[in-house]
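Reading through the structure tokens given below for one structure.
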Amino acid sequence: MIRFAFDLSEEFQVPVLVRPAIRVCHARQNIRYKTLKNNPTPANFKKEPSRWASTPKFRFLQHKALNEKHVKISEKFNTLKAFNQHNLKKGKTYPFGVITGGVPSSVVRDLFEEYDRKDIPLLKLGAPYPFPEKLADAFLTACDKVLVIEETDTVIEYMLRDKVKTLGRLSGHVPMEGELVPEKIEVILNKALADCKQSPLSDFDGGKEAFGLVGGLGLPLRKPTLCPGCPHRASFYSIRKAMPKAVFPSDIGCYTLGSNLGVVDTVLDMGAGITMASGFYNAYIQDGVQKPIVATLGDSTFFHSGITGLINAVYNDSRFILVILDNGITAMTGMQPAITQGLRVDGRKGNAVSLEGVVEGCGVKYLKVVDPFDTKNMIKTIKKAADYVNDPKGGIAVIISRHPCVIGFKDAAIPEKITVRVSGECNDCGFCRDRFECPALFRNPETEKTEINTVLCAECGVCLQVCPRKAITKCDHPF
Ligand code: SF4
Ligand code: SF4
């Protein structure tokens, strides 16, 4: 599809968006591709200001040209058998048909094969925009009712003209949210067929009995959590210790899991940790209240989308603490190097960009760098930063909490392994498990004590600083 998208873009001189819906994004497999050739079309920019720098008159003409292209592309999609096709028999009409897009197309096809339902025609739309009107109209005309099964939202369903014939999300036959897994699709098809007085595929009820049995096992719920030894956990622990009553706007990255530690109150989009902190400050200060606010975001998120928000906050004299969680890597999206590393994504050398330099360049006057593994120092630094924020002559305080990602740079993250154990002093208060939430700390129901899971423990030693009774201690012997 991507190869086709490039060709289409060249042919019609338009950008083409490939929209992988949810189940494609959740899949992985090996792919084969032919040897990549050298670029056959070297860069050759032709100056054409009416197109590339157009003023309103030329924009009007371009809009007209774009509308004409839409009609032509729609025509192309009507007969684009590789992606858009149906299996209607010429001249035949049907009481019920199905229109699909994305992975549900394959699921529906598999189900029809499994239950030998050659009587139900299927229209698969892989290229739905500009909408292949003629193809869809032919399908609608041949069917009394059509059920639309597409991922995530109503795209194809909205574009079908005959809403009376159409079943889908708008008619309540397809759930508005959640993934369309095969079990769900079978139930959806069964209900729609029954509503149209057609025999269902099966009497499958979505596996209620199996779900009931599994539910009855009382299996423990496991929340997604930061890795053992993750420096973000130590940062969040210190932030909450230093500023327990603050508002905590945060951002998008693996550190969003700081919500488990009670230090992530908002997550909206990349950079919103800063812009929402600014918004909170300005909303409260109108009533004369200077709310304590600690915003967090990762180093990569900061470079991606935090800089403009920070400039805006400095310019408007918003007051909050910003903690940039600098682990030197873009961990959540696959361990790409952060731009502070001076390495490009394909391994070639790039030019490292200084995080401190950019923060100061945004106009920030208060900047400290700490190692979050030293929680005592980090707590002290946050408290001092709060004094600066509250000082009439102060401003935004930025703290760079810098420690390498424990997965991306294991040796650098934990240069010296510290083996820990829980001593008999433990009174099972649960503080370390609740407030530090390292997955290696668990409660043994038999001993009613906290213990260390030695398989999970990364031996970072940070939990030594957490237990108020000092019941977590260094251990010189192997477990
Ligand atoms: S190790 Fe310390 S913090 Fe954890 S449960 Fe025991 S006493 Fe509480
Ligand atoms: S040393 Fe403590 S904090 Fe570090 S991974 Fe092990 S249990 Fe977790």
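None of the figures in this text is laboratory data; all of them are computed from the coordinates on show. All figures in this text were calculated on a predicted structure; none of them were measured in a lab. Glycine also receives a Cβ, built like all others from the backbone with ideal geometry; neighbour counts cover every protein chain displayed.
Annotations for the structure displayed:
- Centroid-to-centroid separation of segment 43-102 and segment 381-428 [C-alpha atoms, Å]: 53
- Taken about its Cα centre, segment 416-474 carries a charge dipole of roughly 160 debye when the Cβ of each Lys and Arg holds +1 and the Cβ of each Asp and Glu holds -1.
- Distance from segment 283-352 to segment 156-197 (C-alpha centre basis), Å: 43
- 17 Å reach of a label modelled at T473, 7 Å along Cα-to-Cβ, counting backbone N of segment 426-442: 426-428
- With the highest mean first, a sort of the peptides 213-220, 101-108 on other beta-carbon atoms found within 10 angstrom per residue produces 101-108, 213-220.
- Taking θ as phi - 60° and the Karplus parameters 6.51, -1.76 and 1.60, the scalar couplings of segment 287-299 work out to 9, x, 9, 9, 6, x, 9, 10, 8, 10, 7, x, 5 Hz in sequence order, x denoting glycine and proline.
- Net dipole in debye of segment 231-409 [+1 Lys, Arg Cβ; -1 Asp, Glu Cβ; about Cα centre; nearest 20]: 440
- Cβ-placed point charges (K, R +1; D, E -1), dipole of the chain about Cα centre in debye, nearest 20: 1220
- Modelled spin-label separation between L213 and K34, with each label point placed 7 Å from Cα along the Cα-to-Cβ direction: 5.0 nm.
- When the Cα gyration tensor is reduced to axis lengths a ≥ b ≥ c, the ratio a/c is 1.5 or higher for segment 326-479, and with a/b not above b/c it is classed as oblate.
- Highest-first arrangement of 235-243, 368-376, 194-202, where packing means the average Cβ count within 10 Å: 235-243, 368-376, 194-202
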